[in-house]
Structures are given as structure tokens and as C-alpha cells.
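Laboratory data are not the source of any read-out in this text; all were calculated from the coordinates shown. Please read all numbers here as calculations on a predicted model, not as lab measurements. Positions of Cβ are backbone-derived with ideal geometry, glycine not excepted, and every protein chain shown enters the neighbour counts.
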Amino acid sequence: MPESKRLFFALEIPSPLQRKIIRWRADNFAPDAGRPIAAASLHLTLAFLGEVSAEKARALAELAGRIRQPGFTLTLDDAGHWPRSRVVWLGPRQPPRGLLQLANLLRAQAARSGCYQSPQPFHPHVTLLRHASHAVALPAPGFSWSLPVTEFTLFESVFERGRTRYIPLQRWPLGSFTRKDDDI
Ligand code: 2AM
């Protein structure tokens, strides 16, 4: 059987911000609110690909490499609890257009390549807690972290010895790309 990997495209959260977020989480959520995600695993998923063959992964990476999009600023200033998926999350109150465009493009490329995409609208979020099955008291508004987003990443999700790790496989830059018509 050909080797397959569980893959997804995501935005990485820089380590200093990962550390700030977990400190804030410890200060603002009850210890029994849910199972905390490790600092190094905090990320924002753009498109989930599922189990993908090496050949399909190559094709998707090639398509990702053709994306020409400027960077954007992401502000994480909202938090919520989805009881059905038992997830507590951090996200942008107002997702930047660049984020929605990038996610839509990656999700469309994934769908065209045969990776099932949930029909649910994209709701950008960083998962903070899992198994949050009871009502969760959310922090009062007023928190906010902004980060410049200058690249996106293909991750592999590896489950071993009872825990999941996310391994960055490849990164692509976002930047100020000159359009052909601007050159005239
Ligand atoms: P979550 O944080 O909301 O659970 C790696 O598993 C990443 O892919 C996680 O961010 C997870 O989102 C997301 N993910 C896992 N399964 C998914 C699915 N079936 N559809 C969409 N995203 C999924």
C-alpha cells in the first residue's frame, strides 16, 4: 500500500506568542474546562486534507507553491466554545480578507484534488482546549494579539505514544507580488 500522511495547511503561531497565549489560558480558564493543547501545537488551520498519498501531497504542494497573495495582519481578539466538537478556541473577531482568500483557495484546490472538504463555512480559529464538554466560562473581551502573517505551512499530523504532534513539512511565503499589469 502506498504511504499516506495526515496533512493540513495552517498558519503557524510564533513561539513567543504561543507562550503568551498559554499563560493567558492558564489565567483565564478553569483547570477542568478541557484538555489544553500544548504551546507548540497552537496553529490556525486553513485547509484540512485528511489522509493523503505521497503523489497527491506532491500535487497539492505544487498548487500551493503557485499561490501569489500578499501577507496580512491577523488579530486574535475573540474566544468561543463549540459544545458539539467540544473545542474552546481563539480567533479573529473580524477575519482579514487575505486570510479568507487564502483559506478559500487552499480549500478549493484540496476539493478539486479529491480531499473531502466540510460544507461548513470556514471559521478561522486556534484550538485552545479539547474535550470541553461542559459549559465553559469565557474570558471577558479585551484581550487581543496581532501578528503579521507572511507565510503558510503544510503540516503533518502524527499520532504516536498516545499524543498528536504537528510537524511542519513545507512553507510558502506570502508577500508583495508584483502583478503583470502593474508593470506597464
Ligand atoms: P480543530 O483544531 O478545530 O480540531 C489538525 O488536526 C488540524 O486540522 C486541527 O486544527 C483540526 O481542527 C483540523 N481538522 C481535523 N479534522 C478536521 C476535519 N475533518 N475537518 C476540518 N478540519 C479538521
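At 10 °C and 1.306 mPa s, what whole-number value in µm²/s does Stokes-Einstein give for the translational diffusion of region 73-133, with Rh from the Kirkwood sum over Cα pairs?
124 µm²/s
Sketch the reach of a paramagnetic label on Glu55 as a point 7 Å from Cα along Cα-to-Cβ, and name the residues of region 95-116 whose backbone nitrogen lies under 19 Å away.
110-116
For the chain, what is the mean residue ellipticity at 222 nm derived from helices alone (per DSSP H run of n ≥ 4: -39500 (n - 2.57); sum divided by total residues; nearest 500 deg cm²/dmol)? Walk me through the intermediate numbers first.
On the way: 3 runs with 41 residues, N = 184.
Rounded to the nearest 500, it is -7000 deg cm²/dmol.
Suppose the Debye formula is applied to equal point scatterers at every Cα of the chain; what is log10 I(q)/I(0) at q = 0.09, 0.18 Å⁻¹?
Scattering profile of the chain, log10 relative to I(0): -0.35, -1.30.
Residues with amide H under 5 Å of Gln69's amide H, sequence separation 5 or more or different chain, H placed in the peptide plane at 1.01 Å from N; which?
Excluding prolines and chain starts, which carry no amide H, the hits are Gly175.
Using only Cα atoms, tell me the angle between helix 97-112 and the longest principal axis of the chain; keep it within 0 to 90° and round to the nearest 10.
Relative to the chain, helix 97-112 is tipped by roughly 70 degrees.
Evaluate the charge dipole of the chain about its Cα centre and quote only its size in Debye, nearest 20, assuming +1 on the Cβ of each Lys and Arg and -1 on the Cβ of each Asp and Glu.
It works out to roughly 300 debye.
Sequence-distant or interchain residues sharing an amide H contact under 5 Å with Val87, placed H: which?
HN-HN under 5 Å from Val87: Trp82, Ala132.
Using a Förster distance of 25 angstrom, determine the FRET efficiency expected from the C-beta separation of Ala137 and Gln94, and round it to 0.05.
0.55
Would you mind ranking His134, His43 by Cβ crowding within 10 Å, fewest neighbours first?
Values: His134 12, His43 20.
By the 10 Å Cβ count, ascending, the order reads His134, His43.
Subtract the Cα-Cα distance of Trp172 and Ser144 from 0.36 nm times their separation in residues, and report this length gain in nm to one decimal.
This chain segment gains 7.5 nm when fully extended.
I'd like the orientation of helix 15-28 relative to the chain: the angle between its Cα long axis and the longest Cα principal axis, in ° from 0 to 90, rounded to 10.
For helix 15-28, the angle is close to 30 degrees.
Angle, helix 54-64 long axis vs. longest principal axis of the chain, Cα atoms, 0 to 90°, nearest 10?
The angle comes out near 80 degrees.
Provide, as a two-decimal number, the C-alpha radius of gyration of region 14-108 over 2.2 N^0.38 Å, N being how many residues it has.
1.29
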